[in-house]
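The values are calculated or read from the model by the stated rules, or taken from the named source; none is laboratory data. These numbers come from a predicted model, not from an experiment. No Cβ is skipped: glycine too gets one built from the backbone with ideal geometry, and neighbour counts run over all protein chains shown.
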């Protein structure tokens with residue numbers, strides 16, 4: 001079957017928005033890793049990374065919504081409305097569609113908790129935000145097995161690029177984890193960077209701060 | 001008003017030496033009938049006699065703390081007195097007490113003697129000279145909010161802490177105290193006395209500020225509502241409980257009643273702690289002659305004022321806030337005419353940057369950049385972009401931290417660029433009023449390097 005007709009339009013729309021959703025979610029995960037490492041996009045101020053991460057996640061949800069609604073509306077296979085959010089109850093490919101539902105639920109939970117972030121403890125929010133990797137992972141498996149689109153050709157290469165980029169970003173994040181400047185030394189590190197040579201010198205740990213020589217003042 | 005010699009931080013406190021220049025302010029010296037300590041000054045320090053004030057002398061002068069027998073009764077009295085916090089924020093004391101007293105959980109009461117501001121000596125001096133007034137205030141505050149968990153938070157200072165422990169032991173032996181008082185170590189950090197940093201430290205974590213709300217009087221030490229009052233505030237509270245609101249209003253102005261302790265840095269290098277009524281002309285506190293070019297009011301989170309302007313102002317927020325400064329914890333420093341205000345500000349800004357807790361990006365990224373750029377402005381023929389950079393970064397740091405450290409530092413730096421504009425022009429020509437760069441404002445010898453320095 002080739003060509004978009006009235007009967008296939010919804011089916012094509014669902015597939016296309018599914019692919020775009022995967023790309024967007026991958027972008028959100030990559031930006032999230034960059035936010036976590038306090039990195040920046042070349043040529044942009046720092047807040048652009050955070051802003052893009054947030055806005056792209058909302059855009060991804062819009063595409064996921066269209067993806068889900070067109071799949072339901074399409075009469076080619078019948079999927080119950082409840083299967084959108086309740087995993088593994090679909091009569092058509094229950095496991096693979098179920099993973100899509102899991103991913104959607106997690107993404108919605110991540111967005112709701114992020115909108116309520118000011119009202120919850122930072123630790124809880126951070127803990128919940130770890131589920132973003134699970135949301136992305138289940139979306140990937142869902143996209144690979146729910147249809148045959150991503151199993152060959154150009155879309156397979158696109159999917160592989162998505163997986164690899166997140167894997168590389170995750171590995172980079174793990175290697176960077178130990179390199180955090182502890183908060184006690186952050187201001188000193190910035191000052192050292194701004195006026196090298198006159199920066200503070202690390203004192204011996206067993207010497208109380210009040211007795212350490214101070215070398216940074218003139 | 002009696003100047004007292006200051007109490008050194010690390011070499012151990014000495015007693016004050018009454019005498020020296022006697023300033024008088026009209027209306028502040030009327031004695032109270034009956035020989036009781038009157039509305040005159042000083043109130044918190046003994047006008048004469050031996051210092052430190054021991055328990056026997058304290059009791060013979062003030063009698064035991066007047067417990068009211070029921071929580072909450074002191075609150076309307078403090079409201080009528082108009083007592084505000086003497087730690088710098090000038091928050092109405094009765095409001096904090098009322099908020100904590102209404103809480104359902106057992107509250108914690110902490111006397112805050114962590115005087116992180118290097119230019120301030122008044123809390124150390126008060127704790128050394130009149131510890132029993134502070135401890136009276138602590139007990140009365142604990143009764144008012146119905147608390148049994150009471151602490152006194154002071155810097156590690158062997159002699160002062162030993163003396164306070166002896167005072168606490170003497171009081172419980174004499175049956176004066178209803179709740180035991182624990183002495184708690186404050187790390188030697190500028191921010192250690194900030195309320196939420198204090199609550200964090202006493203809860204067992206590093207003494208670093210956190211975002212508010214919840215306010216410390218809602219959720220503080222170990223998540224319990226916590227009343228934190230500066231030690232001087234507690235001493236005033238102890239006197240208001242004895243002599244009432246009208247007596248307290250015998251000093252100060254109608255809007256800003258009472259007296260306060262001030263740390264004065266004269267242009268000749270003298271450093272005194274004095275008690276004075278609010279509304280006292282600044283010119284009668286620090287010498288504003290031709291030897292003084294500017295006055296720093298409010299400490300290192302305060303602002304510079306040109307000496308000529310300072311001469312028109314009084315020690316009150318009504319006068320100082322419109323001038324871009326505030327009363328704060330009562331620090332006034334007269335910068336000698338032969339020192340470089342920019343170099344001094346740069347030196348202090350560097351210290352303040354290093355005292356950042358490193359938690360908020362605008363603070364730990366902004367303040368070091370501002371300090372380094374101010375160093376540039378302080379150097380001969382500086383890069384002309386440095387002042388613009390400082391103003392831009394100042395705007396990015398202002399109001400964007402969990403605590404007021406970035407705001408206060410920015411206020412201090414901005415005022416210097418304004419007040420010492422003439423000096424900046426001289427630097428552009430490669431000249432400076434003080435090429436030798438002799439330091440004037442005090443800053444501590446060492447900075448924090450790791451977590452241990454914050455706890």
(message) Of everything in the stretch B:161-198, what is closer than 25 Å to residue B:119 by Cβ and more than 14 Å from chain A (Cβ to nearest Cβ)? Give them in sequence order.
(response) B:161, B:163, B:164, B:183, B:184, B:193, B:194, B:195, B:196, B:198
(message) Go through (1) more than 26 Å from residue B:336 (Cβ to Cβ); (2) surrounded by fewer than 19 Cβ atoms within 10 Å (Cβ to Cβ); (3) free of Cβ contacts under 8 Å to residues at least 12 places away in the same chain for residue B:449 and report which single condition fails.
(response) (2)
(message) What's the total number of residues in the stretch A:121-146 that are in contact with a helix residue (DSSP H, G or I) (Cβ under 7 Å, 6 or more places away or on another chain) and over 24 Å from residue A:23 (Cα atoms)?
(response) 1
(request) Return yes when residue B:89 is under 23 Å from residue B:200 (Cβ atoms) and surrounded by 24 or more Cβ atoms within 10 Å (Cβ to Cβ) and no when it is not. (result) no
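Each row is one residue, and each column tells you yes or no for (1) in contact (Cβ under 8 Å) with a residue 60 or more places away in the chain; (2) away from chain A (no Cβ under 13 Å).
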residue: B:347; (1), (2): yes, no
residue: B:350; (1), (2): no, no
residue: B:381; (1), (2): no, yes
residue: B:398; (1), (2): no, yes
(message) When the residues of the stretch B:37-51 are narrowed to those that are touching a helix residue (DSSP H, G or I) at 6+ places or on another chain (Cβ under 7 Å) and modelled with pLDDT of 90 or more, which ends up farthest from residue B:277 (Cα to Cα)?
(response) B:45
(request) Could you tell me which residue of the stretch B:286-321 is farthest from residue B:418 (Cα to Cα), considering only residues that are in a loop (DSSP other than H, G, I, E, B) and touching a residue at least 60 places away in the same chain (Cβ under 8 Å)? (result) B:316
(message) Every residue in the stretch B:362-379 that is farther than 11 Å from residue B:390 by Cα and more than 8 Å from chain A (Cβ to nearest Cβ), please.
(response) B:362, B:378, B:379
(message) When you check residue B:130 against the structure, is it assigned by TED's automatic domain parsing to the domain that holds residue B:236 and either more than 17 Å from the chain's Cα centre (by Cα) or under 23 Å from residue B:408 (Cβ atoms) (or both), yes or no?
(response) no
(request) Please enumerate the residues belonging to the stretch B:405-455 that are under 26 Å from the mean Cα position of the chain (by Cα) and over 30 Å from residue A:183 (Cβ atoms). (result) B:418, B:419, B:420, B:438, B:440
(request) State the number of residues belonging to the stretch B:343-361 that are farther than 18 Å from residue B:300 by Cβ and in a helix (DSSP H, G or I). (result) 1
(request) Tell me, please, whether a residue that is modelled with pLDDT under 90, over 22 Å from the mean Cα position of the chain (by Cα) and buried (at least 20 other Cβ atoms within 10 Å of the Cβ) can be found in the stretch A:90-99. (result) yes
(request) Look through A:150, A:191 and report the one residue that is modelled with pLDDT under 90 and either facing chain B (nearest Cβ under 8 Å) or part of a loop (DSSP other than H, G, I, E, B) (or both). (result) A:191
(request) Please determine, by comparing only the residues of the stretch B:133-158 that are over 20 Å from residue B:169 (Cβ atoms) and outside any helix (DSSP H, G or I), which one is farthest from the chain's Cα centre (by Cα). (result) B:146
(message) Just the residues that are modelled with pLDDT under 95, surrounded by 18 or more Cβ atoms within 10 Å (Cβ to Cβ) and in a helix (DSSP H, G or I), please, taken from the stretch B:395-414.
(response) B:397
(message) So residue B:212 ticks every box in (1) within 14 Å of chain A (Cβ to nearest Cβ); (2) surrounded by fewer than 14 Cβ atoms within 10 Å (Cβ to Cβ); (3) more than 27 Å from residue B:105 (Cβ to Cβ) but one. Which box is left unticked?
(response) (3)
(request) With respect to residue B:415, determine if the residue is touching a strand residue (DSSP E or B) at 6+ places or on another chain (Cβ under 9 Å) and within 11 Å of chain A (Cβ to nearest Cβ). (result) no
(request) Please enumerate the residues belonging to the stretch B:200-215 that are in contact with a helix residue (DSSP H, G or I) (Cβ under 6 Å, 6 or more places away or on another chain) and either touching a residue at least 40 places away in the same chain (Cβ under 8 Å) or under 25 Å from residue B:121 (Cβ atoms) (or both). (result) B:202, B:206, B:207, B:208, B:209, B:210
